[in-house]
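Report on the following structure.
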Amino acid sequence: IVVVAPMEDTPAWRAGVKSGDRILKINGESTKGLSLVEAVAKMRGKKGSPISLSLGRDGSEKPVEVKLARETIKIQSVR
């Protein structure tokens, strides 16, 4: 699962998730073999509940660990 571009003003964007980051784990569970739909389902949850992501990032030897709180994400169709 590769981040194309984090949406501006979302928890991931504020936590420093970058384009090209690879989501390796969601709450400690590997994403290997998961479809995008399955990974998104694991990332969704009750507003305010915590989530942790382990990210593979070019230039970083170890996974980047990110902790954030879930929010309702409003998608803009036009920017």
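The values are calculated or read from the model by the stated rules, or taken from the named source; none is laboratory data. Note that the coordinates shown come from a computational prediction; the quantities given were computed from them, not determined experimentally. Heads up, the Cβs are rebuilt from the backbone with ideal geometry, glycines too, and the neighbour counts pull from every protein chain shown. Areas reflect the complete protein model, heavy atoms only, side chains present, ligands, DNA and RNA absent. Shrake-Rupley method; radii C 1.70, N 1.55, O 1.52, S 1.80 Å.
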If each K or R counts +1 and each D or E counts -1, the residues other than ILE23 whose Cβ falls under 13 Å of its Cβ total +2
Run the dipole for the chain about the Cα centre, Lys and Arg Cβ at +1, Asp and Glu Cβ at -1, nothing else charged, and hand back the magnitude in debye, nearest 20.
-> 240
The chain: relative contact order from alpha carbon pairs under 8 Å, six or more residues apart, as a whole percent, is 29
Ignoring ligands, DNA and RNA, what percent of the 1.4 Å accessible area of the chain is carbon and sulfur?
-> 54
With 0.36 nm assigned to each residue of separation and the Cα-Cα distance removed, ALA5 to GLU61 gains 18.0 nm
Lysine-lysine proximity count for the chain, Cα under 16 Å, sequence distance 8 or more or distinct chains = 11
Report the local net charge at GLY45: Lys and Arg +1, Asp and Glu -1, summed over other residues whose C-beta lies under 15 Å from its C-beta.
-> +3
What label, among (1) 33, 18, 11; (2) 19, 15, 13; (3) 35, 16, 7, belongs to semi-axes √(5λ) of the Cα gyration tensor in Å computed from the structure on display?
-> (2)
